[in-house]
Amino acid sequence: MATVTLSFDNGPEPDVTPQVLDVLARHDLKATFFVIGQKLAAPGRRALSERATAEGHWIGNHTWTHSVPLGQREDGDGAMAEIGRTQAEIGALSHPDRLFRPFGGGGNIGPLLLNRRVVDHLTQGEFSCVLWNAIPRDFADPDGWVETALGQCAAQDWTVVVLHDLPNGAMRHLDTFLSRAKDAGHDFRQDFPDACVPIRRGAIRAPIDAITA
């Protein structure tokens, strides 16, 4: 038996996020949705994050454009705009810990995630930087990701799973994944382990050189 924390990146998506919320409600599970700022700002999409918040889910910041890992950005101000503009758009929907997840370019954790000016922005703004330890690649394997995710959950004590509420068909299998994970005895919780939060409420809690350009 292991612990599993659910997170969903790259939404909100009108054709997918409501179904994800329906499935989570049926299973009585809470998750965190790391939203892309420019999507949240698009007409009609904020209501999806408002619904998620009303149902007990957390909203986090996943940059404005989700285009280039921040450690690859040479314009420090642009990198800050990716975070700051999204946080402003999230507004009152923000979790008190100001949850931020960097763009990893396919789930990679390495020196391209952040740069020094971004770290300063996160610490001064009292953000919590939330990473992950399981990428079942539902974005690339929409029909086979469930087996991958179950294997990742079984392989460690506390798994932070990154899924995506994207319109590629992958979330059709979310109910199956949750049912099988419960059948395997896994326990679900909404918070994040310290090992996946190197910056918490603005305080650096773990070495960050390995994820900072």
Residues (open to solvent by 40 Å² or more (accessible area, probe 1.4 Å) and either in a helix (DSSP H, G or I) or not aliphatic (A, V, I, L, M) (or both)) located in the stretch 64-81: 65, 66, 67, 72, 73, 74, 75, 77, 81
Search result, residues across the stretch 106-118 that are surrounded by fewer than 20 Cβ atoms within 10 Å (Cβ to Cβ), outside any helix (DSSP H, G or I) and more than 18 Å from the chain's Cα centre (by Cα): 111
Residue in the stretch 12-28 that is aliphatic (A, V, I, L, M), on the phi < 0 side of the Ramachandran plot and open to solvent by 20 Å² or more (accessible area, probe 1.4 Å) present: yes
Any hit, the stretch 39-51, residues being crowded, with 23+ Cβ neighbours inside 10 Å, outside any loop (DSSP other than H, G, I, E, B) and among the hydroxyl-bearing types (Ser, Thr, Tyr): no
Test for residue 84: is it assigned to a helix (DSSP H, G or I) and surrounded by fewer than 16 Cβ atoms within 10 Å (Cβ to Cβ): no
Leading residue by the ranking (nearest to residue 8 (Cα to Cα)) among those in the stretch 142-160 that are without any contact (Cβ under 8 Å) to a residue 24 or more places away in the chain and not in a helix (DSSP H, G or I): 144
Members of the stretch 87-105 found to be assigned to a loop (DSSP other than H, G, I, E, B), within 28 Å of residue 56 (Cα to Cα) and either hydrophobic (A, V, I, L, M, F, W, C) or modelled with pLDDT under 95 (or both), listed by number: 103, 104
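The values are calculated or read from the model by the stated rules, or taken from the named source; none is laboratory data. As the structure is a computational prediction, the values presented were derived from the model and not from experiment. All Cβ positions, even for glycine, are placed from backbone atoms using ideal geometry, and neighbour counts span all protein chains on display. Accessible surface areas use protein heavy atoms only, side chains included; no ligands, DNA or RNA. Shrake-Rupley method; radii C 1.70, N 1.55, O 1.52, S 1.80 Å.
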